[in-house]
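One structure is given below, encoded as structure tokens.
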Amino acid sequence: MRYALTDAEWRLIKPTLPCKPRGVPRVDDRRVLNGIFWVLRSGAPWRDLPERYGPYTTCYNRFVRWRFAGVWDRVLAAISRRDDADVQMIDSTIVRAHQHATCIKHGVTEEFGRSRGGLTTKIHAVVDGNGLPLRLALAPGHQHDSLSATALIEGLPEGGMLLADKAYDANAIRSLVASRGGWANIPPRRNRRDPICFSPYLYRDRNLVERFFNRIKHCRRIATRYEKRAANFLAFVKLAAIRLWLGVYESTA
């Protein structure tokens, strides 16, 4: 089946899922996850889920309940523990919102922002030296990148290096990285007066974060935002990140 978990991927993700020792047995986790990944990759509405994955309500309810319970966060944290995160890259990408996603109550933002492309949402990501995701967040499309950077780079290890573009050239960001004994290799803006240390040679590796965005946008549910709730959209982004990690472990097994 297209987009379904392989046997190797299922063996990796199965131990990270919550167990249900008592009560009515839960519907087959693998079948439900395959249905969720099908929606993620195809971008189709939940009601169009093929019958082989069971009722669409079962897949949707499991997706939302496990998001509320923090299951997707725990799974991503469990499989993203690697030793090559001394070099990290941060960036964002803009995703346009479908008209059906913007039908929300007046005064509720849900991380929508108005920019040149209409209503948009930004996906912020920090990746490791191999371009694999470590931390993810959302912001309105019009919001400046540096405003979301502080919370994301707090996971930078001691003595690590941060690669970012000019949008992150802020004294607060550089000071935060320096306080952890690290180095922010960020090109200076034109209006910066004080000199800084910058290596164009090391900066070339920053394209890995751009490649990450390109890969997750193969999932049509991410390339266009169909979710009204920001939490659901971020959960889909995390599922795409989980699938990338599973593919890496499978290829090295």
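Does ARG30 qualify as being among the charged types (D, E, K, R) and not in a helix (DSSP H, G or I)?
Here the answer is no, as ARG30 does not meet what is asked.
Restricting ARG11, ARG30 to those that are among the charged types (D, E, K, R) and exposed (fewer than 15 other Cβ atoms within 10 Å of the Cβ) reduces the list to ARG11. Taking residues in region 56-73 that are farther than 14 Å from ARG229 by Cα and touching a residue at least 60 places away in the same chain (Cβ under 8 Å), and partners anywhere that are surrounded by 11 or more Cβ atoms within 10 Å (Cβ to Cβ) and among the aliphatic types (A, V, I, L, M), the pairs with Cβ atoms closer than 6 Å and at least 6 places apart or on different chains are TRP72/ALA235. Taking the criterion of being under 28 Å from the mean Cα position of the chain (by Cα) and basic (Lys, Arg), the residues of region 185-216 that qualify are ARG189, ARG204, ARG206, ARG211, ARG215. Of the residues in region 55-65, none is closer than 22 Å to HIS100 by Cβ, touching a Leu at 6+ places or on another chain (Cβ under 7 Å), surrounded by 13 or more Cβ atoms within 10 Å (Cβ to Cβ) and of a type in the set (Val, Ile, Thr). Would you check if there is a residue in region 68-84 being of a type in the set (Asp, Glu), under 23 Å from the mean Cα position of the chain (by Cα) and modelled with pLDDT under 90? Looking through region 68-84, at least one residue is of a type in the set (Asp, Glu), under 23 Å from the mean Cα position of the chain (by Cα) and modelled with pLDDT under 90. Can we say ALA125 is closer than 30 Å to PRO45 by Cα, among the aliphatic types (A, V, I, L, M) and surrounded by 17 or more Cβ atoms within 10 Å (Cβ to Cβ)? So ALA125 fits the description; yes. If the condition is being of a type in the set (Val, Ile, Thr) and either surrounded by fewer than 18 Cβ atoms within 10 Å (Cβ to Cβ) or out of contact with any strand residue (DSSP E or B) (no Cβ under 8 Å at 6 or more places or on another chain) (or both), then region 228-253 contributes ILE242, VAL248, THR252.
Scanning region 190-227 for residues that are part of a loop (DSSP other than H, G, I, E, B), charged (D, E, K, R) and surrounded by 11 or more Cβ atoms within 10 Å (Cβ to Cβ) gives ARG192, LYS217, GLU227. Residues that are of a type in the set (A, V, I, L, M, F, W, C), touching a residue at least 60 places away in the same chain (Cβ under 8 Å) and touching a strand residue (DSSP E or B) at 6+ places or on another chain (Cβ under 7 Å): does region 185-204 have at least one? Within region 185-204 (the criterion being of a type in the set (A, V, I, L, M, F, W, C), touching a residue at least 60 places away in the same chain (Cβ under 8 Å) and touching a strand residue (DSSP E or B) at 6+ places or on another chain (Cβ under 7 Å)), the answer is no, since none of the residues qualifies. I'd like to check something: does region 151-164 contain any residue that is within 26 Å of GLY118 (Cβ to Cβ) and at pLDDT 90 or above? Yes, because at least one residue in region 151-164 is within 26 Å of GLY118 (Cβ to Cβ) and at pLDDT 90 or above.
Out of GLY141, GLY159, GLY182, report the one residue that is surrounded by 15 or more Cβ atoms within 10 Å (Cβ to Cβ), over 25 Å from ILE94 (Cα atoms) and either of a type outside the set (A, V, I, L, M) or without any contact (Cβ under 8 Å) to a residue 12 or more places away in the chain (or both).
None of the others qualify; the one that does is GLY182.
Counting the residues of region 112-161 that are under 18 Å from the mean Cα position of the chain (by Cα), part of a strand (DSSP E or B) and not charged (D, E, K, R) gives 14.
The values are calculated or read from the model by the stated rules, or taken from the named source; none is laboratory data. All values reported here derive from a predicted model rather than from experimental measurement. No Cβ is skipped: glycine too gets one built from the backbone with ideal geometry, and neighbour counts run over all protein chains shown.
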